[in-house]
Amino acid sequence: MWCRRLAWLFKVPYQLRGSTRHRSLGLPCDRRTVPAAAARWHHTAPESLKCAWQLHGDHLELRYANTLMRFDFVWLRDHCRSASCYNAKTNQRSLDTASVDLGIKPKAVRVDETTLFLTWPDGHVTRYGLEWLVKNSYEGQKQQVMHPRILWNAEIYRQAQVPSVDCRSFLETDEGLKEFLQNFLLYGIAFVDNVTPTKEDTEILAERISLIRETIYGRMWYFTSDFSRGDTAYTKLALDRHTDTTYFQEPCGIQVFHCLKHEGTGGRTLLVDGFYAAEQVLRQAPDQFELLSKVPLKHEYVENVGDCHNHMIGVGPVLNVYPWNNELYLIRYNNYDRAVINTVPYDVVHRWYAAHRTLTTELRRPENELWVKLKPGKALFIDNWRVLHGREAFTGYRQLCGCYLTRDDVLNTARLLGLQA
(Lines give C-alpha, C1' and ligand atoms only; values in the text may rest on other atoms or scores of the structure.)
Protein backbone atom coordinates (compact mmCIF):
# COMPACT_ATOMS: atom_id res chain seq x y z
CA MET A 1 0.00 0.00 0.00
CA TRP A 2 1.08 3.63 -0.43
CA CYS A 3 1.62 4.01 3.33
CA ARG A 4 3.80 0.93 3.72
CA ARG A 5 7.13 -0.14 2.34
CA LEU A 6 6.77 -1.55 -1.16
CA ALA A 7 8.30 -4.92 -1.93
CA TRP A 8 10.16 -4.81 -5.22
CA LEU A 9 11.57 -8.12 -6.40
CA PHE A 10 14.18 -8.27 -9.09
CA LYS A 11 14.77 -11.61 -10.83
CA VAL A 12 18.42 -12.35 -11.50
CA PRO A 13 19.14 -13.32 -15.12
CA TYR A 14 20.29 -16.89 -15.64
CA GLN A 15 23.85 -15.84 -16.40
CA LEU A 16 24.08 -14.16 -12.96
CA ARG A 17 23.10 -17.16 -10.88
CA GLY A 18 26.56 -18.44 -10.02
CA SER A 19 26.90 -20.84 -12.94
CA THR A 20 30.23 -21.77 -14.53
CA ARG A 21 29.31 -19.44 -17.38
CA HIS A 22 29.01 -16.55 -14.94
CA ARG A 23 32.32 -17.28 -13.23
CA SER A 24 34.13 -17.24 -16.55
CA LEU A 25 33.50 -13.53 -17.02
CA GLY A 26 36.87 -12.64 -15.50
CA LEU A 27 38.62 -11.32 -12.45
CA PRO A 28 36.76 -9.78 -9.48
CA CYS A 29 35.83 -6.13 -10.11
CA ASP A 30 37.69 -4.92 -7.03
CA ARG A 31 40.96 -6.04 -8.63
CA ARG A 32 40.72 -4.25 -11.95
CA THR A 33 39.47 -1.21 -13.80
CA VAL A 34 37.07 -1.85 -16.68
CA PRO A 35 36.85 0.49 -19.68
CA ALA A 36 33.52 2.30 -19.98
CA ALA A 37 32.85 0.72 -23.37
CA ALA A 38 32.28 -2.71 -21.79
CA ALA A 39 28.65 -3.86 -21.88
CA ARG A 40 28.44 -6.96 -19.73
CA TRP A 41 27.73 -7.86 -16.11
CA HIS A 42 30.64 -7.66 -13.67
CA HIS A 43 30.77 -8.80 -10.05
CA THR A 44 32.64 -7.70 -6.95
CA ALA A 45 33.62 -11.34 -6.36
CA PRO A 46 33.15 -14.38 -8.61
CA GLU A 47 31.47 -16.39 -5.86
CA SER A 48 29.13 -13.61 -4.72
CA LEU A 49 25.98 -12.11 -6.19
CA LYS A 50 25.88 -9.28 -3.62
CA CYS A 51 26.87 -6.73 -6.24
CA ALA A 52 26.90 -6.81 -10.04
CA TRP A 53 27.04 -4.05 -12.62
CA GLN A 54 27.22 -3.33 -16.31
CA LEU A 55 27.59 -0.29 -18.52
CA HIS A 56 25.15 0.80 -21.22
CA GLY A 57 25.34 3.59 -23.74
CA ASP A 58 23.92 6.27 -21.45
CA HIS A 59 23.73 4.73 -17.98
CA LEU A 60 25.21 2.39 -15.41
CA GLU A 61 23.16 -0.57 -14.21
CA LEU A 62 23.96 -1.75 -10.69
CA ARG A 63 22.46 -4.54 -8.61
CA TYR A 64 23.18 -4.38 -4.89
CA ALA A 65 21.27 -5.39 -1.73
CA ASN A 66 18.53 -6.99 -3.85
CA THR A 67 17.86 -3.69 -5.62
CA LEU A 68 18.40 -3.19 -9.34
CA MET A 69 19.35 0.44 -9.99
CA ARG A 70 19.96 2.48 -13.13
CA PHE A 71 22.03 5.67 -12.98
CA ASP A 72 22.27 8.24 -15.76
CA PHE A 73 25.89 9.28 -16.36
CA VAL A 74 25.10 12.99 -15.90
CA TRP A 75 23.43 12.14 -12.57
CA LEU A 76 26.53 10.25 -11.47
CA ARG A 77 28.75 13.23 -12.31
CA ASP A 78 26.35 15.79 -10.82
CA HIS A 79 26.10 14.08 -7.41
CA CYS A 80 29.84 13.68 -6.86
CA ARG A 81 30.74 14.20 -3.20
CA SER A 82 34.41 15.04 -3.70
CA ALA A 83 35.76 18.20 -2.04
CA SER A 84 35.81 20.12 -5.32
CA CYS A 85 32.17 19.24 -6.13
CA TYR A 86 30.43 19.27 -2.74
CA ASN A 87 30.86 21.32 0.42
CA ALA A 88 30.62 18.83 3.27
CA LYS A 89 30.46 21.65 5.86
CA THR A 90 27.39 23.32 4.39
CA ASN A 91 25.98 20.16 2.73
CA GLN A 92 25.63 22.10 -0.50
CA ARG A 93 26.67 21.37 -4.07
CA SER A 94 29.69 23.30 -5.38
CA LEU A 95 29.66 21.80 -8.86
CA ASP A 96 27.92 23.88 -11.54
CA THR A 97 25.47 21.34 -12.93
CA ALA A 98 25.04 23.34 -16.15
CA SER A 99 28.75 22.85 -16.87
CA VAL A 100 28.45 19.06 -17.06
CA ASP A 101 28.52 17.71 -20.62
CA LEU A 102 25.12 16.09 -21.24
CA GLY A 103 26.90 13.43 -23.29
CA ILE A 104 29.43 12.62 -20.58
CA LYS A 105 30.53 9.00 -20.05
CA PRO A 106 32.98 7.59 -17.51
CA LYS A 107 36.38 6.62 -18.88
CA ALA A 108 36.71 3.76 -16.37
CA VAL A 109 34.57 2.07 -13.72
CA ARG A 110 35.61 0.02 -10.72
CA VAL A 111 33.50 -1.52 -7.94
CA ASP A 112 34.74 -3.15 -4.75
CA GLU A 113 32.65 -4.63 -1.94
CA THR A 114 31.52 -1.20 -0.63
CA THR A 115 32.30 1.49 -3.19
CA LEU A 116 31.73 2.50 -6.80
CA PHE A 117 34.63 4.39 -8.44
CA LEU A 118 34.14 6.39 -11.65
CA THR A 119 36.94 8.05 -13.60
CA TRP A 120 35.75 10.82 -15.94
CA PRO A 121 37.36 11.96 -19.22
CA ASP A 122 39.12 14.88 -17.48
CA GLY A 123 40.66 12.50 -14.91
CA HIS A 124 38.31 13.46 -12.06
CA VAL A 125 37.41 10.49 -9.83
CA THR A 126 33.98 10.14 -8.20
CA ARG A 127 33.40 7.70 -5.34
CA TYR A 128 30.01 6.46 -4.13
CA GLY A 129 29.28 4.14 -1.23
CA LEU A 130 27.00 1.35 -2.44
CA GLU A 131 24.71 1.78 0.57
CA TRP A 132 24.41 5.48 -0.27
CA LEU A 133 23.42 4.61 -3.82
CA VAL A 134 20.72 2.21 -2.65
CA LYS A 135 19.30 4.86 -0.34
CA ASN A 136 19.42 7.66 -2.91
CA SER A 137 18.57 5.87 -6.15
CA TYR A 138 15.15 6.19 -7.71
CA GLU A 139 14.59 2.47 -7.27
CA GLY A 140 15.63 2.66 -3.61
CA GLN A 141 13.26 5.55 -2.95
CA LYS A 142 10.39 3.56 -4.46
CA GLN A 143 10.92 1.09 -1.62
CA GLN A 144 11.09 3.74 1.10
CA VAL A 145 8.43 5.60 3.05
CA MET A 146 9.06 9.30 3.58
CA HIS A 147 6.93 9.52 6.70
CA PRO A 148 6.27 6.36 8.77
CA ARG A 149 2.74 6.38 10.17
CA ILE A 150 0.22 4.34 12.08
CA LEU A 151 -3.18 4.62 10.41
CA TRP A 152 -6.11 4.51 12.80
CA ASN A 153 -9.81 4.44 13.36
CA ALA A 154 -11.32 5.21 16.75
CA GLU A 155 -10.80 1.71 18.16
CA ILE A 156 -7.19 1.44 16.95
CA TYR A 157 -6.33 4.79 18.52
CA ARG A 158 -7.99 3.96 21.84
CA GLN A 159 -6.29 0.56 22.05
CA ALA A 160 -2.92 2.20 21.37
CA GLN A 161 -3.38 4.24 24.57
CA VAL A 162 -1.22 7.03 23.21
CA PRO A 163 -0.14 9.08 26.24
CA SER A 164 -0.42 12.83 26.53
CA VAL A 165 2.79 14.66 27.38
CA ASP A 166 2.98 16.86 30.45
CA CYS A 167 3.46 20.54 29.67
CA ARG A 168 6.56 20.90 31.83
CA SER A 169 8.23 17.88 30.25
CA PHE A 170 7.26 19.18 26.81
CA LEU A 171 8.75 22.62 27.44
CA GLU A 172 11.81 21.72 29.48
CA THR A 173 13.15 18.36 28.29
CA ASP A 174 14.19 16.90 24.94
CA GLU A 175 12.76 13.56 26.05
CA GLY A 176 9.29 15.02 26.54
CA LEU A 177 9.45 16.93 23.28
CA LYS A 178 10.65 13.86 21.39
CA GLU A 179 7.87 11.68 22.83
CA PHE A 180 5.31 14.28 21.79
CA LEU A 181 6.68 14.58 18.27
CA GLN A 182 6.91 10.82 17.84
CA ASN A 183 3.22 10.51 18.74
CA PHE A 184 2.36 13.37 16.41
CA LEU A 185 4.28 11.95 13.46
CA LEU A 186 2.80 8.47 13.87
CA TYR A 187 -0.83 9.40 14.51
CA GLY A 188 -1.24 12.94 13.18
CA ILE A 189 -2.55 14.17 16.54
CA ALA A 190 -0.95 14.70 19.94
CA PHE A 191 -1.96 16.20 23.27
CA VAL A 192 -0.19 18.24 25.93
CA ASP A 193 -1.66 18.28 29.47
CA ASN A 194 -1.52 20.80 32.31
CA VAL A 195 -1.18 23.87 30.09
CA THR A 196 -2.11 27.13 31.79
CA PRO A 197 -5.40 28.09 30.04
CA THR A 198 -4.33 31.40 28.53
CA LYS A 199 -3.56 32.51 25.02
CA GLU A 200 -0.06 33.57 26.09
CA ASP A 201 0.83 30.16 27.50
CA THR A 202 -0.59 28.42 24.44
CA GLU A 203 1.67 30.59 22.29
CA ILE A 204 4.72 29.59 24.33
CA LEU A 205 3.70 25.95 23.86
CA ALA A 206 3.40 26.30 20.10
CA GLU A 207 6.72 28.09 19.73
CA ARG A 208 8.49 25.14 21.37
CA ILE A 209 8.28 23.18 18.11
CA SER A 210 7.79 25.72 15.35
CA LEU A 211 7.46 29.23 14.10
CA ILE A 212 3.84 30.35 14.22
CA ARG A 213 2.36 30.89 10.77
CA GLU A 214 0.55 34.20 10.59
CA THR A 215 -2.47 34.13 8.27
CA ILE A 216 -5.53 36.23 7.51
CA TYR A 217 -6.77 35.15 10.95
CA GLY A 218 -3.74 36.68 12.65
CA ARG A 219 -0.85 35.15 14.54
CA MET A 220 -2.72 33.65 17.50
CA TRP A 221 -6.43 33.40 16.95
CA TYR A 222 -8.84 33.71 19.82
CA PHE A 223 -12.53 33.31 19.21
CA THR A 224 -15.99 32.70 20.58
CA SER A 225 -19.28 32.23 18.77
CA ASP A 226 -19.54 35.94 18.07
CA PHE A 227 -19.97 35.76 14.27
CA SER A 228 -17.05 38.20 13.99
CA ARG A 229 -15.67 36.49 10.86
CA GLY A 230 -17.29 35.16 7.73
CA ASP A 231 -16.64 31.57 8.75
CA THR A 232 -18.89 28.86 10.20
CA ALA A 233 -16.25 28.20 12.88
CA TYR A 234 -17.30 31.46 14.57
CA THR A 235 -20.80 30.11 15.26
CA LYS A 236 -22.33 27.53 17.62
CA LEU A 237 -23.28 25.25 14.72
CA ALA A 238 -21.93 21.76 14.20
CA LEU A 239 -19.00 21.51 11.80
CA ASP A 240 -18.60 18.49 9.55
CA ARG A 241 -15.14 16.90 9.20
CA HIS A 242 -12.73 18.95 7.12
CA THR A 243 -9.18 20.15 6.77
CA ASP A 244 -8.43 23.86 7.20
CA THR A 245 -7.18 26.47 4.73
CA THR A 246 -7.83 24.37 1.64
CA TYR A 247 -8.15 27.76 -0.09
CA PHE A 248 -4.42 28.43 0.47
CA GLN A 249 -2.02 27.34 -2.26
CA GLU A 250 -0.19 25.54 0.56
CA PRO A 251 -2.66 24.63 3.32
CA CYS A 252 -1.42 25.23 6.85
CA GLY A 253 0.48 22.19 8.09
CA ILE A 254 -0.33 22.01 11.80
CA GLN A 255 -3.17 23.42 13.86
CA VAL A 256 -3.17 24.01 17.61
CA PHE A 257 -6.40 24.08 19.66
CA HIS A 258 -6.78 25.00 23.32
CA CYS A 259 -10.21 25.39 24.89
CA LEU A 260 -9.86 28.08 27.55
CA LYS A 261 -13.45 28.08 28.82
CA HIS A 262 -16.81 26.47 28.10
CA GLU A 263 -19.90 27.16 30.13
CA GLY A 264 -22.53 25.04 28.43
CA THR A 265 -23.12 21.71 26.72
CA GLY A 266 -21.88 19.94 23.58
CA GLY A 267 -18.93 21.18 21.58
CA ARG A 268 -16.96 17.92 21.42
CA THR A 269 -14.19 17.86 18.82
CA LEU A 270 -14.33 15.26 16.05
CA LEU A 271 -11.10 13.78 14.67
CA VAL A 272 -10.84 11.46 11.65
CA ASP A 273 -7.65 10.00 10.15
CA GLY A 274 -8.02 10.98 6.50
CA PHE A 275 -5.15 8.73 5.46
CA TYR A 276 -6.86 5.70 7.02
CA ALA A 277 -10.02 6.48 5.03
CA ALA A 278 -8.00 7.03 1.86
CA GLU A 279 -6.34 3.64 2.26
CA GLN A 280 -9.76 2.00 2.35
CA VAL A 281 -10.56 3.72 -0.95
CA LEU A 282 -7.25 2.53 -2.40
CA ARG A 283 -8.06 -1.05 -1.41
CA GLN A 284 -11.65 -1.02 -2.63
CA ALA A 285 -11.44 1.25 -5.66
CA PRO A 286 -7.88 2.04 -6.79
CA ASP A 287 -9.17 3.79 -9.92
CA GLN A 288 -11.13 6.21 -7.77
CA PHE A 289 -8.11 6.82 -5.53
CA GLU A 290 -6.10 7.67 -8.62
CA LEU A 291 -8.80 10.04 -9.87
CA LEU A 292 -8.90 11.87 -6.53
CA SER A 293 -5.12 12.22 -6.67
CA LYS A 294 -5.01 13.69 -10.18
CA VAL A 295 -8.07 15.92 -10.67
CA PRO A 296 -7.30 19.53 -9.61
CA LEU A 297 -9.98 21.50 -7.83
CA LYS A 298 -10.36 25.05 -6.59
CA HIS A 299 -11.18 25.92 -3.01
CA GLU A 300 -12.23 29.46 -2.23
CA TYR A 301 -12.75 31.75 0.74
CA VAL A 302 -14.60 35.03 0.24
CA GLU A 303 -15.05 37.30 3.26
CA ASN A 304 -16.51 40.79 3.58
CA VAL A 305 -17.27 41.26 7.26
CA GLY A 306 -16.36 44.47 9.07
CA ASP A 307 -12.74 45.28 8.33
CA CYS A 308 -12.01 41.79 7.00
CA HIS A 309 -11.92 41.63 3.22
CA ASN A 310 -10.38 38.49 1.76
CA HIS A 311 -10.62 36.43 -1.39
CA MET A 312 -8.40 33.34 -1.23
CA ILE A 313 -8.15 30.58 -3.85
CA GLY A 314 -6.16 27.35 -3.54
CA VAL A 315 -5.82 24.72 -6.25
CA GLY A 316 -4.98 21.06 -5.89
CA PRO A 317 -6.38 17.51 -5.88
CA VAL A 318 -8.17 16.05 -2.86
CA LEU A 319 -5.39 13.49 -2.40
CA ASN A 320 -1.77 14.49 -2.95
CA VAL A 321 0.80 11.71 -3.42
CA TYR A 322 4.52 11.47 -4.07
CA PRO A 323 4.71 10.25 -7.68
CA TRP A 324 7.69 7.91 -7.20
CA ASN A 325 6.13 5.69 -4.49
CA ASN A 326 2.44 6.71 -4.44
CA GLU A 327 2.71 7.69 -0.76
CA LEU A 328 -0.09 10.02 0.34
CA TYR A 329 1.19 13.17 2.02
CA LEU A 330 -1.71 15.66 1.96
CA ILE A 331 -5.49 15.51 1.91
CA ARG A 332 -7.38 18.65 0.89
CA TYR A 333 -10.97 18.01 1.94
CA ASN A 334 -13.44 20.76 2.80
CA ASN A 335 -16.94 20.66 1.37
CA TYR A 336 -17.69 24.10 2.80
CA ASP A 337 -14.95 25.84 0.84
CA ARG A 338 -14.83 23.84 -2.37
CA ALA A 339 -15.38 26.28 -5.23
CA VAL A 340 -17.23 25.80 -8.51
CA ILE A 341 -15.83 22.75 -10.27
CA ASN A 342 -14.67 24.30 -13.52
CA THR A 343 -11.28 22.65 -13.86
CA VAL A 344 -12.64 19.22 -14.83
CA PRO A 345 -14.05 18.23 -18.27
CA TYR A 346 -17.63 17.03 -18.39
CA ASP A 347 -16.72 13.41 -19.10
CA VAL A 348 -14.67 13.23 -15.89
CA VAL A 349 -16.93 15.15 -13.50
CA HIS A 350 -19.39 12.34 -12.81
CA ARG A 351 -16.61 9.84 -12.13
CA TRP A 352 -15.01 12.38 -9.79
CA TYR A 353 -18.29 12.76 -7.88
CA ALA A 354 -18.50 8.98 -7.50
CA ALA A 355 -14.91 8.84 -6.19
CA HIS A 356 -15.57 11.74 -3.83
CA ARG A 357 -18.66 9.93 -2.54
CA THR A 358 -16.61 6.79 -1.87
CA LEU A 359 -14.07 8.78 0.16
CA THR A 360 -16.78 10.70 2.00
CA THR A 361 -18.49 7.44 2.94
CA GLU A 362 -15.26 6.23 4.53
CA LEU A 363 -14.66 9.52 6.31
CA ARG A 364 -18.18 9.42 7.78
CA ARG A 365 -18.14 5.86 9.07
CA PRO A 366 -18.93 6.04 12.82
CA GLU A 367 -16.10 3.62 13.62
CA ASN A 368 -13.63 6.12 12.14
CA GLU A 369 -14.78 9.00 14.36
CA LEU A 370 -12.74 9.87 17.43
CA TRP A 371 -14.64 12.29 19.68
CA VAL A 372 -12.68 14.33 22.21
CA LYS A 373 -13.94 16.84 24.77
CA LEU A 374 -11.43 19.67 24.88
CA LYS A 375 -11.06 21.15 28.34
CA PRO A 376 -8.97 23.98 29.78
CA GLY A 377 -5.38 22.80 30.27
CA LYS A 378 -5.39 20.24 27.45
CA ALA A 379 -3.91 21.43 24.15
CA LEU A 380 -4.42 19.52 20.93
CA PHE A 381 -2.04 19.54 17.94
CA ILE A 382 -3.50 18.34 14.61
CA ASP A 383 -1.70 17.46 11.39
CA ASN A 384 -3.89 19.48 9.04
CA TRP A 385 -2.47 17.65 6.02
CA ARG A 386 -3.76 14.34 7.35
CA VAL A 387 -6.37 14.49 10.12
CA LEU A 388 -9.79 16.03 9.54
CA HIS A 389 -11.50 17.78 12.42
CA GLY A 390 -15.05 18.86 13.14
CA ARG A 391 -17.27 19.87 16.02
CA GLU A 392 -20.68 19.08 17.43
CA ALA A 393 -23.07 21.96 18.09
CA PHE A 394 -22.87 23.54 21.53
CA THR A 395 -24.66 25.85 23.90
CA GLY A 396 -23.36 28.53 26.23
CA TYR A 397 -20.16 30.51 26.21
CA ARG A 398 -17.16 28.78 24.63
CA GLN A 399 -13.73 30.34 24.29
CA LEU A 400 -10.93 28.85 22.19
CA CYS A 401 -7.48 29.96 21.16
CA GLY A 402 -4.94 28.49 18.84
CA CYS A 403 -2.71 29.02 15.84
CA TYR A 404 -1.24 27.47 12.74
CA LEU A 405 2.34 26.24 12.63
CA THR A 406 4.74 26.04 9.73
CA ARG A 407 5.09 22.40 8.78
CA ASP A 408 8.72 22.69 7.75
CA ASP A 409 9.74 23.89 11.20
CA VAL A 410 7.89 21.11 13.02
CA LEU A 411 9.55 18.48 10.84
CA ASN A 412 12.89 20.22 11.28
CA THR A 413 12.55 20.00 15.08
CA ALA A 414 11.68 16.30 14.79
CA ARG A 415 14.70 15.54 12.59
CA LEU A 416 17.06 17.36 14.96
CA LEU A 417 15.83 15.00 17.70
CA GLY A 418 16.65 11.97 15.56
CA LEU A 419 13.16 11.18 14.26
CA GLN A 420 12.31 10.30 10.67
CA ALA A 421 10.17 13.14 9.39
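Applying 1/(1 + (r/R0)^6) with R0 = 30 Å to the Cβ-Cβ distance of Thr235 and Arg357, what FRET efficiency is obtained, to the nearest 0.05?
Between Thr235 and Arg357 the formula returns 0.65.
Just by accessible area at a 1.4 angstrom probe, what is the order of Arg81, Arg63 from largest to smallest?
These residues rank, largest area first, as Arg81, Arg63.
Tell me, what is the 1.4 Å probe accessible area of Leu419, in Å² to the nearest 10?
The accessible area of Leu419 comes to roughly 20 Å².
Could you point to the label whose value was computed as semi-axes √(5λ) of the Cα gyration tensor in Å for the structure here, given [x] 36, 25, 21; [y] 46, 30, 18; [z] 50, 24, 21?
[z]
Over segment 154-417, give the accessible area per residue in Å² for a 1.4 Å probe, as an integer.
Computed with neighbouring chains in place, this is 44 Å² per residue.
Pulled fully out, how much extra length does the chain show between Lys199 and Arg81, if you take 0.36 nm times their separation in residues and subtract their Cα-Cα distance?
In short, 37.7 nm is gained.
Given the rule -39500 (n - 2.57) for each run of at least 4 DSSP H residues, summed and divided by the residues of the chain, what is its mean residue ellipticity at 222 nm, to the nearest 500 deg cm²/dmol?
The helix contribution divided over the chain gives -7000 deg cm²/dmol.
Bin all alpha-carbon pair distances of segment 152-299 at 10 Å intervals from 0 and give each bin's fraction as a whole percent.
With 10 Å bins starting at 0, P(r) equals 8, 30, 38, 20, 4.
Against the longest principal axis of the chain, how steep is helix 174-187, in degrees 0 to 90 to the nearest 10, with axes from Cα atoms?
90
Can you pull the one-decimal nm distance between simple spin-label points at Thr115 and Leu419, each 7 Å off the Cα toward Cβ?
3.7
Just order 183-189, 101-107, 302-308, 274-280 by mean Cβ neighbour count inside 10 Å, highest at the front, would you?
Taking the mean over residues of other Cβ atoms within 10 Å, the ranking is 274-280, 183-189, 101-107, 302-308.
Treat every Asp and Glu Cβ in segment 52-139 as -1 and every Lys and Arg Cβ as +1, leave all other atoms uncharged, and give the resulting dipole magnitude about the Cα centre to the nearest 20 debye.
Roughly 200 debye, rounded to the nearest 20.
Out of every Cα pair in segment 52-139, what percent are spaced more than 18 Å from each other?
Counting every Cα pair in segment 52-139, those more than 18 Å apart make up 41 percent.
Compute the Kirkwood hydrodynamic radius of segment 250-318, taking the inverse of the mean of 1/r over all pairs of distinct Cα atoms, and give it in Å to one decimal.
About 16.0 Å, per the Kirkwood formula over Cα pairs.
Between Tyr322 and Arg127, what is the spin-label point distance in nm, taking each point 7 Å from the Cα along the Cα→C-beta axis?
2.9
Against the longest principal axis of the chain, how steep is helix 346-363, in degrees 0 to 90 to the nearest 10, with axes from Cα atoms?
70
Measure off, as a whole percent, the carbon and sulfur share of the 1.4 Å-probe accessible area of the chain, all protein chains present.
Roughly 51 percent of what the probe reaches on the chain is carbon or sulfur.
At 7 Å along Cα-to-Cβ for each site, give me the label-to-label distance between Gln161 and His311 in nm.
A separation of 5.6 nm, rounded to one decimal place.
What whole-number value in Å² describes the accessible area per residue of segment 54-99 for a 1.4 Å probe?
It amounts to 53 Å² per residue over segment 54-99.
Which order do the peptides 330-341, 151-162 take when ranked by the mean count of other beta-carbon atoms within 10 Å per residue, highest first?
330-341, 151-162
The values are calculated or read from the model by the stated rules, or taken from the named source; none is laboratory data. Remember, it's a predicted structure, so these values are computed and weren't measured experimentally. All Cβ positions, even for glycine, are placed from backbone atoms using ideal geometry, and neighbour counts span all protein chains on display. Remember, those area values only see protein heavy atoms, side chains included, never the ligands or the DNA or RNA. Shrake-Rupley method; radii C 1.70, N 1.55, O 1.52, S 1.80 Å.
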